[in-house]
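Colleague: So that we are looking at the same thing, I have put the structure below in C-alpha cells.
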Amino acid sequence: MISHQTNILETYSRIRPLGMQLNQQLLRHIDKSTMQKVGKELGLFKRGAFVFGSEEETNVLVDFCILFADGPHAPITQLQRSDSFTPDSDEMQILEAMQRAIYSVFVFDEIDGTGIIRAHDYLTGNTIVLVDRGLSDTALPNFALATNLIPIPGINAFMTGGAALPLDIKDENGKHEVAAIIARFHSFAEEEGGLSRKRQRLFAKQLIRILLRHNAMEHMETR
C-alpha cells in the first residue's frame, strides 16, 4: 500500500505542474465568441457583458471553455496540433487525459493528509481516488463538491481540473434543483453505463448554472 501511494504521489507531483502550465497555454486558444457563448450558457454573460461575483467564477468559465469545447477549434485540439510537444511527452499525455475529463459530484470519504482522497462519486456510485494536496489540507469528510476530474496518466486516479463548487447551498429551492439534476443524470449513467460526452457537457452546464445562481462559490470562499 505504501509503495502504491508513493507511486501515485510521485506521478501527481510530476504531472500537476505541467497541467497548470498547459492551462495557461490553452487559455490563449479560447476565442472571444466561445467565451461569450459559454458565458451565456452558464449565466455569466448578460446584456453584452460578463458578470462575475468572484475571480473563482472566472475560473469556472475558463475551465468549461477548455474541457468541453469540441471540434478543430477546441483549445486542446489546437494545442495538440501545434507541434509543441512530441507524441510520447508528458504534456501530450495530459492533453489526451483532459479530453477524457469528467464533470461529477463527489463527497469525501477518506482523507489521508498526504494528498490522496477517497471519494464517493454520486453519478456512478463508485469510489474514486483523487489526488489534490490543497483539498487534502482543507477538505472535511462528507463535504460534497462538483468539479472536473482529469485521469492521471498511468495510474488509476484523478486530479481535479480547475475551480470546484460546493453543494452546501442554503436555499431550499436550490437544493431541490441540484438533487433533481443529479438524480436525472445518475439514471442516465446507470442506463447507459456512463455518460456520453454530450451528456457530460449538459450535466456540467445545468449544475454549474444553478450553483452559481445560488452563490455556491461564496460558501466555498468562507470555509
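Colleague: Give the number of residues within region 14-49 that are part of a helix (DSSP H, G or I) and either in contact with a Lys or Arg (Cβ under 9 Å, 6 or more places away or on another chain) or acidic (Asp, Glu) (or both).
Modeller: Going through region 14-49 one residue at a time, the tally reaches 6.
Colleague: Shifting gears a bit: Is at least one residue of region 120-135 surrounded by fewer than 21 Cβ atoms within 10 Å (Cβ to Cβ), free of Cβ contacts under 8 Å to residues at least 40 places away in the same chain and of a type in the set (A, V, I, L, M)?
Modeller: yes
Colleague: Next up: Just name the residue that is farthest from the chain's Cα centre (by Cα) out of those in region 13-54 that are more than 28 Å from GLN80 (Cα to Cα) and not small (Gly, Ala, Ser).
Modeller: The initial filter retains those residues of region 13-54 that are more than 28 Å from GLN80 (Cα to Cα), namely 43-54.
Imposing the further condition that a residue be not small (Gly, Ala, Ser) reduces the set to 44-47, 50-52.
Values: LEU44: 18, PHE45: 20, LYS46: 24, ARG47: 27, PHE50: 21, VAL51: 21, PHE52: 19 Å.
Checked region 13-54; the qualifying residue farthest from the chain's Cα centre (by Cα) is ARG47.
Colleague: Residues of region 156-191 being of a type in the set (Gly, Ala, Ser) and within 21 Å of ASN142 (Cα to Cα), which ones?
Modeller: Matches in region 156-191: ALA157, GLY161, GLY162, ALA163, ALA164, GLY174, ALA179, ALA180, ALA183.
Colleague: Quick one: what pairs do we get from region 75-103, first residue closer than 20 Å to ARG28 by Cβ, second among the charged types (D, E, K, R) and modelled with pLDDT of 95 or more, C-beta under 7 Å, 6+ apart or different chains?
Modeller: Between residues of region 75-103 that are closer than 20 Å to ARG28 by Cβ and residues that are among the charged types (D, E, K, R) and modelled with pLDDT of 95 or more, the close pairs are PHE85/GLU91.
Colleague: Answer yes or no as to whether PHE68 is among the aromatic types (Phe, Trp, Tyr) and touching a residue at least 24 places away in the same chain (Cβ under 8 Å).
Modeller: yes
Colleague: Here's a follow-up. Yes or no: region 24-40 includes at least one residue that is among the basic types (Lys, Arg) and under 24 Å from HIS214 (Cβ atoms).
Modeller: Yes: region 24-40 contains one or more residues that are among the basic types (Lys, Arg) and under 24 Å from HIS214 (Cβ atoms).
Colleague: Here's something else I'd like to know. In region 159-179, is there at least one residue being among the polar types (S, T, N, Q) and crowded, with 18+ Cβ neighbours inside 10 Å?
Modeller: There is at least one residue in region 159-179 that is among the polar types (S, T, N, Q) and crowded, with 18+ Cβ neighbours inside 10 Å.
The values are calculated or read from the model by the stated rules, or taken from the named source; none is laboratory data. Worth saying up front: this structure is predicted, and the values here are computed from it rather than measured. For neighbour counting, all protein chains shown are included, and Cβ atoms are generated from backbone atoms with ideal geometry for every residue, glycine included.
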